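**Q** Structure in structure tokens, see below.
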Amino acid sequence: MAMASPANKKKPKSNQTPESQFSYNFNFYSKSKDLHSAISLYDTAISQNTRLNQHNFNTLLYLCSISLNDPSTKDLSLQYGFRVFDHMVSNGIKPNEASITAVARLAAAKGDGDYAFDLVKNIGVYNELPRLRTYDPALFCYCENLEGDKAYEVEEHMGRMGVGLEEGEIAALLKVSVETRREERVYEYLQKLRKMVRCVREETAKVIEHWFEVFEGNGVELDVGLVREAVSRNGGGWHGLGWIGKEKWVVRRGSVDAGGKCCCCGGQLVSVDIDDDETERFAESVAGLAMEREVKANFSEFQNWLEKHANYEAIMDGANIGLYQQNFAEGGFSISQLDAVIKDLYNQSGKKRPLVILHNKRLRALLQNPSTRELIQEWIEKDVLYTTPHGSNDDWYWLYAAVKLRCWLVTNDEMRDHIFELLGSDFFVKWKERHQVRYTFVKGNLELQMPPLFSIVIQESENGSWHVPVAGDGNDSPQSWLCVSRPRSCDALKEASCMEESKDSNDSRCNSKLPTFGRPESLASCKHKLHSRDSFQESDDKITALTGKRKERSPSPS
């Protein structure tokens with residue numbers, strides 16, 4: 001075969017060393033993916049005792065690894081790849097992560113997952129840390145060879161090294177678990193997939209589909225109370241208790257309507273929140289960072305106050321709402337916008353008041369204005385207002401309150417500033433989607449934009465059914481949904497629900513109680529946007545319902 005020539009490129013200077021001239025020509029063959037020419041040049045360099053560096057070896061190893069997919073170069077890649085690596089090590093050239101990854105790919109191409117995995121396990125000898133791509137050759141090799149236990153060992157090693165799985169790796173582990181009928185492992189990887197991705201790829205969906213079509217194992221007995229408690233604790237959308245039911249699965253492809261109802265089984269999808277443990281860690285993280293940057297006594301006072309005044313279903317970012325669209329000549333702080341949001345939330349929440357977080361300097365200005373003083377005093381009396389002290393950052397207060405009380409947060413703030421970056425939480429985005437209420441004022445009319453009625457994620461229902469969104473053109477927009485159900489389990493849950501509702505109908509307390517906003521089922525009851533503009537009712541009984549007994553406290557904890 002004729003060897004490509006770099007002669008038509010800019011020629012190297014005549015005073016170049018043999019090493020630099022070799023590197024110049026070698027890089028040319030690498031860029032053109034010409035394995036034969038690169039190997040020929042490598043052999044010539046070895047015969048002439050040309051000194052090669054780490055980059056030279058890595059370039060050839062990479063070229064060998066990417067040439068494995070071409071049948072005409074696969075054998076040559078395997079023949080030279082290992083020889084080059086041995087030559088590199090014997091010459092005292094330290095391999096790095098890229099070197100190890102390339103050789104691991106060569107080993108996997110030979111079907112030798114053990115060698116590929118040994119390379120990763122011993123990478124610390126070279127003071128290198130493995131990456132996901134370093135593990136992939138061994139992991140995929142074991143999965144393709146149906147060596148499940150070895151694949152699970154690779155995953156465990158990844159966990160110890162702090163390397164996380166992505167959809168491709170989970171799908172491979174799921175597939176080997178399906179093929180080897182490892183029921184518990186299949187369940188485990190479905191849960192990991194639920195946490196990792198919103199919509200699965202089509203190839204992943206087919207693996208899941210195949211499992212439920214062939215799986216005939218029995219699940220646990222349906223205990224409605226136990227399952228619902230687990231779903232609530234987990235934030236909705238999954239229980240994690242294992243397979244439920246004993247009947248054959250019914251597997252269908254379909255769609256979900258705008259309200260979250262499955263067109264195949266009639267099941268209702270929910271809005272999925274972060275779980276109890278994540279919520280507590282999130283609140284602790286916000287409080288810890290706030291106390292580092294705020295006056296500790298001030299924030300502690302707010303925490304104590306919130307413990308005693310926890311009956312809020314919405315927190316309002318007062319400054320964000322009051323200053324919305326006020327950047328014009330006569331603009332200023334709009335108390336009427338705040339008032340509109342307060343009344344809308346109050347009327348739509350079962351007469352429960354929101355809490356406005358506002359800086360003390362704003363409060364003083366509003367109290368000095370005769371046109372706003374009376375309304376502000378009313379808010380203070382009704383515990384609608386908490387003012388933050390001089391020198392504080394309001395953001396810490398309203399974020400902490402919304403997380404701690406698990407309620408809605410009314411703000412258009414995208415929460416991308418430095419204080420939110422400090423959180424570094426992988427569930428922050430999920431929490432925002434579930435809890436943030438945005439708003440607009442069009443010609444003075446308020447419209448609240450509520451969180452989605454249901455989450456586009458894999459969902460495991462209370463009756464054991466599964467709903468899996470399958471990706472379309474966009475990663476976050478499903479083209480279809482995979483619906484997997486056991487009909488008798490669905491009927492059993494409906495029967496249990498009817499019995500509970502019948503029992504609750506005799507309890508007057510249940511008739512008036514709305515589900516709290518902080519749990520997933522609450523949004524299922526909010527299928528319309530908030531449009532009511534009614535003012536506070538001034539009758540004695542409704543004033544009491546809003547305010548309770550007046551608290552003896554100062555308007556601002558300064």
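The values are calculated or read from the model by the stated rules, or taken from the named source; none is laboratory data. Only a predicted model underlies this, so the values are computations on that prediction, with no experimental measurement involved. Here Cβ is always computed from backbone atoms with ideal geometry, including for glycine, and neighbour counts include all displayed protein chains. Only protein heavy atoms, including side chains, enter the accessible area calculation; ligands, DNA and RNA are left aside. Shrake-Rupley method; radii C 1.70, N 1.55, O 1.52, S 1.80 Å.
**Q** Counting only C-alpha contacts under 8 Å and six or more residues apart, can you give the relative contact order of segment 257-342 as a whole percent?
**A** Numbers: 32 pairs, mean separation 10.4, N = 86.
Relative contact order for segment 257-342 comes out at 12 percent.
**Q** Cut-off under 14 Å on the C-alpha distance; same-chain residues fewer than 8 positions from LYS74 excluded. Which aspartates and glutamates are left, in chain and number order?
**A** ASP34
**Q** With the Cα gyration tensor of segment 56-157 in hand, give its eigenvalues times 5 under a square root as the equivalent ellipsoid semi-axes, listed largest first in whole angstrom. Don't skip to the answer; put the middle values down first.
**A** Details: eigenvalues 88, 63, 18 Å².
So the equivalent ellipsoid measures 21, 18, 10 Å along its semi-axes.
**Q** Scan around GLN449 for amide H atoms under 5 Å from its own, H built in the peptide plane at 1.01 Å from N, and keep only partners 5 or more places away or cross-chain.
**A** ARG438, TYR439, THR440
**Q** GLU414 to LYS110: extension gain in nm, 0.36 nm per residue of separation minus the Cα-Cα distance? List each step's numbers first, then the result.
**A** Numbers: separation 304, 0.36 × 304 = 109.44 nm, distance 5.01 nm.
Difference between extended and current length: 104.4 nm.
**Q** Which number gives the lysine pairs in segment 112-262 that have C-alpha atoms under 20 Å apart and are eight or more places apart or on different chains?
**A** Lysine pairs, 8 or more places apart or on different chains, close enough: 9.
**Q** Here's a follow-up. For segment 405-454, what is the accessible area per residue in Å², given a 1.4 Å probe and the full set of protein chains?
**A** Working: 2310 Å² over 50 residues.
So segment 405-454 comes to 46 Å² accessible per residue, rounded to a whole number.
**Q** Run the accessible area of segment 168-238 with a 1.4 Å probe and give the carbon-and-sulfur part as a rounded percent. Before the final figure, lay out the partial values.
**A** On the way: 1550 of 3210 Å².
The value for segment 168-238 is 48 percent carbon and sulfur by accessible area.
**Q** Residues of segment 95-237: accessible area per residue at 1.4 Å, in Å²? Could you put the intermediate results ahead of the total?
**A** On the way: 6370 Å² over 143 residues.
Per residue, segment 95-237 has 45 Å² of solvent-accessible surface.
**Q** Take the alpha carbon atoms of segment 273-334, find their center, do the same for segment 428-463, and report the distance between the two centers in whole angstrom.
**A** 19
**Q** Arrange the peptides 411-421, 395-405, 226-236, 165-175 so that the one whose residues have, on average, the most other Cβ atoms within 10 Å appears first. List each step's numbers first, then the result.
**A** Working: 411-421: 13.8, 395-405: 24.7, 226-236: 18.5, 165-175: 21.3.
Going from most to least packed, we get 395-405, 165-175, 226-236, 411-421.
**Q** Follow-up. Would you please give the residues with an amide H less than 5 Å from that of MET316, counting only those at least 5 places away or on a separate chain, with H modeled from the backbone geometry?
**A** Excluding prolines and chain starts, which carry no amide H, the hits are LEU355, VAL356, ILE357, VAL410.
**Q** Right, next: Give the separation of the Cα centroids, segment 64-108 to segment 357-394, in Å.
**A** After rounding, the separation between the Cα centres reads 69 Å.
**Q** Shifting gears a bit: Would you mind checking the radius of gyration and Dmax of segment 424-484 based on alpha-carbon positions, in Å?
**A** 15.7, 48
**Q** Also: Calculate the all-directions average of the projected area of segment 320-462's alpha-carbon convex hull, and give it in nm².
**A** Working: hull surface 44.2 nm².
Computing the convex hull of the Cα atoms and averaging its projections yields 11.1 nm².
**Q** So what is the orientation-averaged projected area of segment 160-244, using the convex hull of its C-alpha atoms, in nm²?
**A** Details: hull surface 26.1 nm².
Approximately 6.5 nm², given one-decimal rounding.
**Q** Another question about this same structure. Counting Lys and Arg as +1 and Asp and Glu as -1, what is the net charge of the other residues whose Cβ lies under 9 Å from the Cβ of VAL484? Write out the running numbers ahead of the final one.
**A** Values: positive: ARG252, ARG486; negative: GLU209.
For residues surrounding VAL484, the net value is +1.
**Q** Amide H to amide H under 5 Å from VAL220: which residues, 5+ apart in sequence or cross-chain, H placed 1.01 Å off N in plane?
**A** TRP243, ILE244, GLY245
**Q** Additional query: Consider a paramagnetic label point 7 Å from the Cα of LEU323 along Cα→Cβ; state which residues of segment 408-450 have an amide N under 12 Å from it.
**A** Only 413 fall inside the zone, counting backbone N under 12 Å.
**Q** For SER477 and SER371 in one chain, what is 0.36 nm times their gap in residues minus the Cα-Cα distance, to one decimal in nm? Each step should come with its number before you reach the end.
**A** Working: separation 106, 0.36 × 106 = 38.16 nm, distance 4.84 nm.
Fully extending the segment from SER477 to SER371 adds 33.3 nm.
**Q** For every other residue with a beta carbon closer than 12 angstrom to the beta carbon of ALA401, add +1 if it is Lys or Arg and -1 if Asp or Glu, then tell me the sum.
**A** Around ALA401, the charge tally is -3.
**Q** Sort the following peptides by mean Cβ neighbour count (other Cβ atoms within 10 Å, averaged over residues), highest first: 266-278, 297-309, 367-379.
**A** Numbers: 266-278: 19.8, 297-309: 15.2, 367-379: 13.5.
Listed from highest to lowest mean packing, they are 266-278, 297-309, 367-379.
**Q** So how do 49-57, 94-102 stack up, highest first, on mean other-Cβ count within 10 Å? Present the calculation step by step, with values, prior to reporting the outcome.
**A** Values: 49-57: 16.0, 94-102: 20.7.
Result, highest mean first: 94-102, 49-57.
**Q** Would you mind calculating the relative contact order of segment 311-366 from Cα pairs under 8 angstrom and at least 6 residues apart, reporting the percent as a whole number? Working shown, then result.
**A** Values: 56 pairs, mean separation 26.4, N = 56.
Result for segment 311-366 is 47 percent.
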